[in-house]
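Q: Questions regarding the structure given below will be posed in turn.
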Amino acid sequence: MIKLFPKLNTKNNEVALVENGNRTTYAELNKKIDEFAKGLLGNRSDLQEERVAFYIPASCDYVTTMHGIWRAGGIAIPLNVASAVSELEHYLTSAKVTKMIACGDYKASLSELCLTLGIELIDVQGILDKNEGQNLPTIDPSRRAMMLFTSGTTNKPKGVVSSHKIINSQITTLADAWEWTSEDVIPLFLPLHHIHGIVNILSCGLWAGATIDLYKSFDISKICDSVATGRYNLFMAVPTIYVKLIKYLETLPEEKTYEICRGFSDMRLNISGSAACPVKLFNQWNELTGQVLLERYGMTEIGMGISNPYHGERRAGHVGQALPGVTVGLFNDKHEHITEQNMPGEIRIRGANVFLEYWDNPQATEKSFVDGWFCTGDVAVIDKGYYRIMGRSSIDIIKSGGYKLSALEIEGVLLTHEKIEEVAVIGAPDETWGEAVTAFVVLRPSASLSQENLKTWCDGRMSAYKIPKKLRILDSLPRNAMGKVTKSDLKKLL
Ligand code: MLC
Ligand code: AMP
């Protein structure tokens, strides 16, 4: 049943968002969103699923825009504010975006691209100024609400479309499972173009009437200073962030480390997800803070699917059990359901949490479902009743710092380098990043290339987190009898 979403919690006088020390209450936020939605509509009564992109870092403006688009009947497309122009061009053209919302320098940086693509570029204040007090439409929950771009086994990211009803299901499942309340206070520093930041933290928090401190990036010292004051009772991050926190704490004087650790230890819950949390990290965090990390498993296409329990055993190296309302199955290559313990199979998911479609790509949508199950491409076993992730079925998907990257997309860009004849990209195991993007390259005759030169060349051609961290130059790439590059052989060279 749809309770509130996308309406916000009505704890009107409570603080919803804190941005650079500025507080916005639920009442103020609701009012601003309504005004924004009306301004966006102009003389129309409903945006009718028009695609509206926005290029705004974590802020009150971001939330106003996202919810304003929803209230006006549009599809909200939050974009990575660190995208390269070629990436943006792909998002905007493939989603057939009609309006782009950005502010300040971000707006200026988009003007040329939007002009070329014929997209109206507007800022938040400009839209608020257009509000003429008209009525807002009634939005059926089955309508499309959001499109998030995700990398896959093809070279260009696909738009994952979810309806209001689907997002509602993703939120309520987590709000119940992790017992969100209006007393919760959480820092939000994850990027706001992915489900972890958008649904697990921002949307669940606003749903529950909690307070969310917004950070434009992972500002480790600022965040830790606030943790030390005991302000937060919830913390959600990717494993790389816990690694970075541990390294940071090692550099501080003992007293400061103690205060920060106490801040973490007093919280009601610390969650890790978006990539595998190594057992070593789970134990280190526990020794340092006393917190038993709750690891969960999710994906852009499904929200969260599997979780260790809020109450009960949280087992290191395991992601727990299916969340309420989510059906999880493991399947072998013949699409047979595996029920035995410790037999690996692909994780497949059913439930109200599963996305609607890949935008404008019915073939990809159809291919990703078998008998109504969404095929995640992740392989797991059931071990004493808990799921344990073994890895992914495709070597071409890399997870670095919680970001899902397509090796093929990175290869496609590197191949446009004048000195590169051939390239194969894989993820190398890495203690901080989980996997580090590694490029094996064959150069053109008498060409030379250093890691530093490659990095400079990649700047502006791809988001910084996709840029290879390691470069290996080979005389030739290993191939099988069919002439196909064997990436598994490259792994042996690491
Ligand atoms: C930054 N860099 C990365 C990187 N992030 N390189 C590889 N992988 C990454 N993920 C680069 C920077 O460009 C910089 O390059 C160098 O690493 C160090 O930067 P930094 O400033 O120290 O990094 P930082 O800004 O602190 O970023 C680290 C991070 C960030 C962990 C905070 O990567 C991040 O926010 N990750 C979370 C992504 C996320 O939310 N994923 C969820 C997807 S949803 P140089 O060379 O200039 O030094 C999903 C579903 C689910 O997965 O289950 O949740
Ligand atoms: P994304 O498409 O960015 O939403 O990333 C989803 C992918 O992240 C999943 O398909 C998994 O491969 C990975 N993932 C998420 N949570 C975990 C976890 N707890 N352990 C291992 N992998 C995870």
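Q: Using Cα positions and a limit of under 18 Å, work out the lysines in reach of LYS247, with same-chain residues fewer than 8 apart set aside.
A: LYS247 reaches LYS222, LYS256, LYS280.
Q: Okay, next question. Kindly flag which residue pairs out of LYS7/LYS96; LYS7/LYS165; LYS334/LYS484 have an alpha-carbon separation exceeding 23 Å in this structure.
A: LYS7/LYS96; LYS334/LYS484
Q: Oh, and also: Per 20 Å bin, what is the whole-percent P(r) computed from every C-alpha pair distance within the chain?
A: 22, 57, 21, 0
Q: Same structure, new question: To the nearest 10 square angstrom, what accessible area does TRP207 show with a 1.4 Å probe?
A: 30 Å²
Q: Three principal axis extents, largest first, for the C-alpha atoms of segment 1-93, in Å?
A: That gives 43, 34, 29 Å along the principal axes, largest extent first.
Q: If you take every DSSP beta bridge whose two residues both sit in the chain, what share of them, in percent to the nearest 5, is antiparallel?
A: 65 percent
Q: Sort 249-260, 303-314 for me by packing, meaning the mean count of neighbouring Cβ atoms within 10 Å per residue, highest on top.
A: The peptides rank, most packed first, as 303-314, 249-260.
Q: For segment 12-139, what is the relative contact order in percent, using Cα pairs closer than 8 Å and at least 6 residues apart in sequence?
A: 31 percent
Q: At a Cα cut-off below 20 Å, give the aspartates and glutamates reachable from LYS492, other chains included and same-chain residues fewer than 8 away excluded.
A: ASP396, GLU411, GLU422, ASP430, GLU431, GLU435, ASP475
Q: In this model, which of LYS404/LYS469; LYS107/LYS130; LYS156/LYS244 are farther than 23 Å apart at the alpha-carbon?
A: Listed pairs above 23 Å: LYS156/LYS244.
Q: Here's another thing I want to ask about it. Share of segment 338-419's accessible area from carbon and sulfur, percent, 1.4 Å?
A: Ligands and nucleic acids excluded, carbon and sulfur reach 52 percent.
Q: Beta carbons within 10 angstrom, averaged per residue: use that to sort the peptides 64-74, 403-413, highest first. Could the numbers behind the result be given before it?
A: Numbers: 64-74: 26.2, 403-413: 20.7.
Ranked from most to least packed, the peptides come out as 64-74, 403-413.
Q: Run the numbers on the chain and let me know its relative contact order in percent, using alpha-carbon pairs under 8 Å that are six or more apart. Let's see the in-between values first.
A: Details: 1026 pairs, mean separation 58.8, N = 494.
With pairs under 8 Å counted, the relative contact order is 12 percent.
Q: Looking at the calculated P(r) for segment 397-492, what percent of the C-alpha pair distances fall above 19 Å?
A: 37 percent
Q: Tell me which of TRP178, THR150, PRO253 sits at the most positive position along the dipole axis of the chain, charges placed on C-beta atoms (Lys, Arg +1; Asp, Glu -1).
A: After comparing all options, I get THR150.
Q: Further question on the same structure: Roll a 1.4 Å probe over the protein chains and send me the accessible area per residue for segment 397-492 in Å².
A: In whole numbers, segment 397-492 has 48 Å² accessible per residue.
Q: Right, next: Counting only protein chains, not ligands or nucleic acids, how are VAL85, VAL379, VAL18 ordered by accessible area (probe 1.4 Å), most first? Numbers along the way, then the final one.
A: Numbers: VAL85 85, VAL379 35, VAL18 15 Å².
Highest to lowest solvent-accessible surface, that is VAL85, VAL379, VAL18.
Q: Evaluate the charge dipole of segment 397-492 about its Cα centre and quote only its size in Debye, nearest 20, assuming +1 on the Cβ of each Lys and Arg and -1 on the Cβ of each Asp and Glu. Before the final figure, lay out the partial values.
A: Numbers: 15 positive and 12 negative charges, 39 e Å.
The dipole of segment 397-492 has a size of about 180 debye.
Q: Going from most exposed to least, what order do SER446, SER142 have by accessible area with a 1.4 Å probe?
A: SER446, SER142
Q: What does the charge count around LEU408 come to, taking other residues whose C-beta lies under 10 Å from its C-beta (Lys +1, Arg +1, Asp -1, Glu -1)?
A: My count for the surroundings of LEU408 gives -2.
Q: If you don't mind, another one. Ordering LYS492, LYS156 by how much accessible area each has at a 1.4 Å probe, largest first, what is the list?
A: Listed by decreasing accessible area, they come as LYS492, LYS156.
Q: Averaging sequence separations of C-alpha pairs under 8 Å and six or more residues apart, then dividing by the length of segment 301-438, give the relative contact order as a whole percent.
A: 18 percent.
Q: Let me ask something else about it. Sort 89-98, 475-484, 230-239 by packing, meaning the average of other beta carbons within 10 Å per residue, with the highest value first.
A: 230-239, 89-98, 475-484
The values are calculated or read from the model by the stated rules, or taken from the named source; none is laboratory data. In this text, all values refer to a predicted model and were calculated from it rather than measured experimentally. Cβ atoms come from the backbone with ideal geometry, glycine included; neighbour counts cover every protein chain shown. Surface accessibility is based on the protein's heavy atoms, side chains included, excluding ligands, DNA and RNA. Shrake-Rupley method; radii C 1.70, N 1.55, O 1.52, S 1.80 Å.
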